[in-house]
Each structure stands twice: as structure tokens, then as C-alpha cells.
Ligand SMILES: [Zn+2]
């Protein structure tokens with residue numbers, strides 16, 4: 001077994017497991033059973049996602065990067081233009097309608 005990722009909780013571990021399964025990468029989670037018995041887990045006891053084959057480690061790293069990027073970029077809430085009151089997606093820096101600057 002080759003540990004590739006220490007998750008902060010079982011939910012995060014499960015997200016990675018799903019991505020690995022989607023790519024057909026054999027995997028296992030260590031310490032998954034501890035979740036719920038203890039509160040905040042020390043690093044050494046956190047759910048650890050492992051791949052079973054050494055050659056899958058780099059593919060697993062790609063899955064991890066995708067997952068982390070997805071977790072860090074949640075959909076921003078819509079912003080309402082202060083000038084024309086039109087609603088723009090939260091990642092817009094200016095109003096799509098009147099080009100006024102939007103404050104996040
Ligand atoms: Zn506007």
C-alpha cells in the first residue's frame with residue numbers, strides 16, 4: 001500500500017476514493033473506521049487514502065490536485081451591481097451589463 005493523501009475527515013477521504021474509483025485505480029482507506037469515535041483526530045490517525053499499486057501514485061496525485069482545486073473553489077455567491085442592480089456571477093469583477101466595478 002502506498003499512502004497518497006491524509007484527509008482531514010472521512011468525507012474528504014471519500015471524495016478522493018470516488019475520483020480514484022472513477023479512474024479504475026485500486027485504493028484503500030486507512031483509519032477510516034476511527035471517524036466518529038473521536039473528535040479532532042491527530043495527524044497520524046486521520047483517514048489516509050492509499051493506492052495499492054506503486055505505478056498508480058502519480059495518477060493519484062492528479063486526482064488529489066483536482067479534488068483540492070474543486071474544494072477550494074466553491075461557487076461564489078452572486079453579486080448585485082451597486083449601480084444598475086443587475087445580478088452578476090460572484091467571480092465577475094465588473095457588472096456584465098453596465099461595467100460598474102463590483103465589490104465582493
Ligand atoms: Zn451594473
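When the Cα convex hull of the chain is projected onto planes of every orientation, the mean area is 9.1 nm². Based on C-alpha pairs under 8 angstrom that are at least 6 apart in sequence, the chain has a relative contact order of 25 percent.
For the chain, the longest principal axis of the alpha carbon atoms and the long axis of helix 57-72 meet at an angle near 40°. Which part of the range 4-20 falls in the paramagnetic zone of residue 57, meaning amide N under 11 Å from the point 7 Å along Cα-to-beta-carbon? Only 4 pass the distance filter.
Projected label points at residue 9 and residue 96, each 7 Å from Cα along the beta carbon direction, are separated by 3.3 nanometres. Between helix 10-22 and the chain, what is the angle of the helix's C-alpha long axis to the longest principal axis, kept within 0 to 90° and rounded to the nearest 10? Taking the Cα atoms of the chain, the angle to 10-22 is about 80 degrees.
Taking each residue as 0.36 nm, the span from residue 68 to residue 23 lengthens on full extension beyond its C-alpha to C-alpha distance by 14.5 nm.
Throughout, read-outs are computed from the coordinates displayed, never taken from laboratory work. It should be emphasised that the depicted structure is a prediction, and the values quoted were computed from it without experimental measurement. Because the Cβ atoms are built from the backbone with ideal geometry, glycine has one as well, and the counts that use them run over all protein chains shown.
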